[in-house]
Every structure is written in C-alpha cells, then in structure tokens.
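Working notes for the structure below.
The values are calculated or read from the model by the stated rules, or taken from the named source; none is laboratory data. Quantities reported herein were computed from a predicted structural model and do not represent experimental measurements. Using ideal geometry, Cβ is built from the backbone for each residue, glycine included, and neighbour counts are taken over all protein chains shown.
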Amino acid sequence: MVAFATKVGSPATETDTKDATKTSDVWKVVVLNDPVNLMSYVTMVFERVLRMSKSKAEKHMMEVHRDGRSVVWAGEREKAETYVFQLQEWHLSAILERDESD
C-alpha cells in the first residue's frame, strides 16, 4: 500500500501520482544463454515453468541460443520475481529487468 503525504485541500501533483504507479510497472523475465544447459532441457523448462506451448518454448530457446537472451515473460513484479526464482531453481540463468519502454 502506498501512502501519500499531501496538504489538506491541495490537489495531488503529477509527481505524487507518478510515484504511486511505480509499484505497477512492468517487469521482464529474461533468460540468458549459458554453456551448460542443452537446448532440449531449456525448452522443457519453459514448457513446465512458464506453461508455454512446445513451439513457443522452442522459439524462446532459439532466441536465447542465437541472441544470448530472451524475454520469456512480462508483467507484475511479484510474479516476475517468482518466475525468475523458479527458472534459477532449474539452473537457468534468469534475471529480472524493469520494462523501460515508456
């Protein structure tokens, strides 16, 4: 919960509302390439953890392999943190990034 300290009778300023929306920013789950995990293993982890279809999991796995990284999920921070933790438990290199596209 975000609390505001504003003067009685004064309207909320733009900075007050901008600070309040920071908690609802979009966060990205990024998987990085590593020299350890097999491509078939990475695909299987995406299917199990992120509930991706096989074709979508293979697409992201190839993106990781070819480009060195893939954004596999984006949304609220708490869920993104959970996915990063779960992917790391499966020994994938996963990080959390704030979506700066705005």
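Scan segment 1-35 residue by residue and report those that are closer than 25 Å to R69 by Cβ and either among the charged types (D, E, K, R) or modelled with pLDDT under 95 (or both).
First, pick out the residues of segment 1-35 that are closer than 25 Å to R69 by Cβ: 22, 24-35.
Once the filter is applied, which keeps residues that are closer than 25 Å to R69 by Cβ and either among the charged types (D, E, K, R) or modelled with pLDDT under 95 (or both), segment 1-35 yields K22, S24, D25, K28, D34, P35.
On the given criteria, is E81 among the charged types (D, E, K, R), in contact with a Ser or Thr (Cβ under 8 Å, 6 or more places away or on another chain) and modelled with pLDDT of 95 or more? Spell out the reasoning first.
Numbers: among the charged types (D, E, K, R): yes; in contact with a Ser or Thr (Cβ under 8 Å, 6 or more places away or on another chain): no; modelled with pLDDT of 95 or more: yes.
No.
Residue check: is V42 of a type in the set (V, I, T), surrounded by 19 or more Cβ atoms within 10 Å (Cβ to Cβ) and not in a strand (DSSP E or B)?
On the way: of a type in the set (V, I, T): yes; surrounded by 19 or more Cβ atoms within 10 Å (Cβ to Cβ): yes; not in a strand (DSSP E or B): yes.
Considered against the rule, which asks whether it is of a type in the set (V, I, T), surrounded by 19 or more Cβ atoms within 10 Å (Cβ to Cβ) and not in a strand (DSSP E or B), V42 comes out as yes.
From V84, V71, grab the single residue that is touching a residue at least 40 places away in the same chain (Cβ under 8 Å) and exposed (fewer than 14 other Cβ atoms within 10 Å of the Cβ). Reasoning before the result, please.
On the way: V84 fails: exposed (fewer than 14 other Cβ atoms within 10 Å of the Cβ).
On inspection, the qualifying residue turns out to be V71.
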### Task
Give me a count of the residues in segment 60-102 that are touching a Phe, Trp or Tyr at 6+ places or on another chain (Cβ under 6 Å), assigned to a helix (DSSP H, G or I) and hydrophobic (A, V, I, L, M, F, W, C).
1
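Test L32 against the stated conditions and say whether it is of a type in the set (A, V, I, L, M), free of Cβ contacts under 8 Å to residues at least 12 places away in the same chain and surrounded by fewer than 15 Cβ atoms within 10 Å (Cβ to Cβ). Steps first, answer last, please.
Working: of a type in the set (A, V, I, L, M): yes; free of Cβ contacts under 8 Å to residues at least 12 places away in the same chain: no; surrounded by fewer than 15 Cβ atoms within 10 Å (Cβ to Cβ): yes.
Criteria not met by L32.
For H65, indicate whether it is under 17 Å from K28 (Cβ atoms) and modelled with pLDDT of 95 or more.
Against the criterion (under 17 Å from K28 (Cβ atoms) and modelled with pLDDT of 95 or more), H65 does not qualify.
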